[in-house]
Amino acid sequence: MPPRFQLDEDEDALHGGAAFRKAPESAYGAVYSPVRLYLRRLVVEQVARETPVLAEIQRRYRTPALDRLFVFTGMLGNHTFFMVALPFLHLFGMGLFARGLTFVVLWSVYFSGVIKDYVSAPRPASPPVVQITRSPAHTLEYGFPSSHTTYVVATILYLSHYMLNVWGVSALWVALLWIGGALIVVGRIYCGLHSFIDVAGGVVVGVAEALAFVVFYERLDALLLSTTGPLVIAAILYCALMAIPRSLDLCPCCIDSFCATSVTLGVSVGTWIHACMPFLWHRGHPDRIAWDSSLTLAQNVARGAIGMGLVVLWKLKSKPVMISLVKRLFPGDQAHLEDRHAAHAQDASDAVSQAGYPIPSAACIKGGRYGSYAIMAAHENLARIPIYSGIPLTMYVVSPIAFYFLGLMPR
C-alpha cells in the first residue's frame, strides 16, 4: 500500500489526503527539459553513491540520545519555529532588522523549494538509511537542496553581520551561534533526511542569499515604505509564484513556497499601512509595535500577549473563511489530489503511458498543468495566500489598533 502523508504543517491534507506515487524514471525524460533532466540525473546519481555512506554513519554513531538531540535541533530550524519566533522581533521593535531577517528566512524557503521542484531529486533511500523525524510527510519531499541548511546558513550569516558590524557583539557569541547552526545541519545527515550534496547545495544557496540581503536589503526596506512599495512587492511575489516549476511527482514542496511568499507580502503591505498611520507610531518612528520604556511592565506584557494572541487567533480561525472565499472566487477549480492528472485529463487525449504512468500531453507540459500543479491550483493552497499574508498584517495593523483603543499606547 502506498504511503499516506499530510501536505500542511496544520496536519490536514488537501482534499483529505493523497497517496504519494513516484513516477518511473522514464517518465521524467518524457516531461522535463534536457537541462532539467541532466541536473536531476547528476544529483540522483550522487545521492545514490552517498546513501551507503550515510547508512554506515548511522550504523556506527546512532544512539537514542543523539536521536533526541538531532530531532530537537531539526525542530529549531523548521518553518513552524520561525513562524513563532519571528513575530517577537517585530513586536519588540527590531524594525529594519526584523523585516530583513524575516525576508531572509522566508526567501530561503522559497528559493530552496523552487530548486527542489526543478531538480526533483529524492532524498536518500530508506532503507538502507533510517529517516528519523517527527514529520513523516517531509520525508516524501524532494531532497536537493536541504531547506533547513539553506535558511539556517542564510539566517546565521545575516545575524552575524548585525552582531559584528551593527551591534558590536563579542565574536564568542557569534561562534556559539554557528555551533548551534552546525548541529542543525549535521543533524540533517545524521537523521538520514539529506545527503552531503543536499547540504552542500543548501550552503551555497544560503550564502548567496544572505550576501544579497546584507548588501541590498536597506534599499528594499526603503521601497516597502515608498508610495508604490506594496504594488511593486505584490508584482514581484506574483511573478515568484508563477515561476515555481511544476514537478512530475505530487511533491508538497511548493506549499512552503506559497506560505513563505505570502508572509513576505503581508510584511510589505503591513509595514506600509502601519507607516501611513502616525498615531500608532512609537515616538514618531514606525518600527516599534509592542515594547516601550514609557509603559509599565504589565502594560508591555499585555501588549505582547495581545499581539501574539491575535496572530494565533487569525491563524486558527481564518482558514475555513479564506477557503470558502477562494472557492467563491475560483469555482472552477478541479485540481483534485485524488487524481494527480485531473488537471490535464480533459485536454490530454494524446497522452501516452509509461510503466502504467500517464504522461501529460505536450500542451499540458507547456502550460505547466501536470504533477504538482494539482496541489498549487487547489482551493486549500490558494487560500494560503490570504491566510499567511494575514499573519503580519495582524501584527502590523490590527494589533496596534487594538492597543490604541485599549489605552495601551506609549506616553
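The values are calculated or read from the model by the stated rules, or taken from the named source; none is laboratory data. The model shown is predicted, which means the values in this text are computed figures rather than measured ones. Ideal geometry is used to build each Cβ from the backbone, glycine not excepted, and the neighbour counts take in all protein chains shown.
For the stretch 140-175, filtered to residues that are hydroxyl-bearing (Ser, Thr, Tyr) and assigned to a loop (DSSP other than H, G, I, E, B), the residue that is surrounded by the most Cβ atoms within 10 Å (Cβ to Cβ) is 146. Among the residues of the stretch 318-340 satisfying the criterion of being of a type in the set (Gly, Ala, Ser) and modelled with pLDDT under 85, which is surrounded by the most Cβ atoms within 10 Å (Cβ to Cβ)? So, considering only residues that are of a type in the set (Gly, Ala, Ser) and modelled with pLDDT under 85, the one surrounded by the most Cβ atoms within 10 Å (Cβ to Cβ) is 335.
So, in the stretch 208-240, of the ones that are touching a residue at least 40 places away in the same chain (Cβ under 8 Å) and under 18 Å from the mean Cα position of the chain (by Cα), which residue ends up nearest to residue 124 (Cα to Cα)? Looking at the filtered set, the residue picked out is 209. Among the conditions (1) of a type in the set (Lys, Arg); (2) over 29 Å from residue 369 (Cβ atoms); (3) surrounded by 14 or more Cβ atoms within 10 Å (Cβ to Cβ), the only one that residue 219 does not satisfy is (3).
Being at pLDDT 85 or above and either touching a Pro at 6+ places or on another chain (Cβ under 8 Å) or not in a loop (DSSP other than H, G, I, E, B) (or both) is a property that residue 365 lacks. Of the residues making up the stretch 191-207, not a single one is among the hydroxyl-bearing types (Ser, Thr, Tyr), more than 17 Å from the chain's Cα centre (by Cα), at pLDDT 90 or above and part of a helix (DSSP H, G or I). Residues that are touching a helix residue (DSSP H, G or I) at 6+ places or on another chain (Cβ under 7 Å) and polar (S, T, N, Q) were ranked within the stretch 158-200; the one that is farthest from residue 72 (Cα to Cα) is 160.
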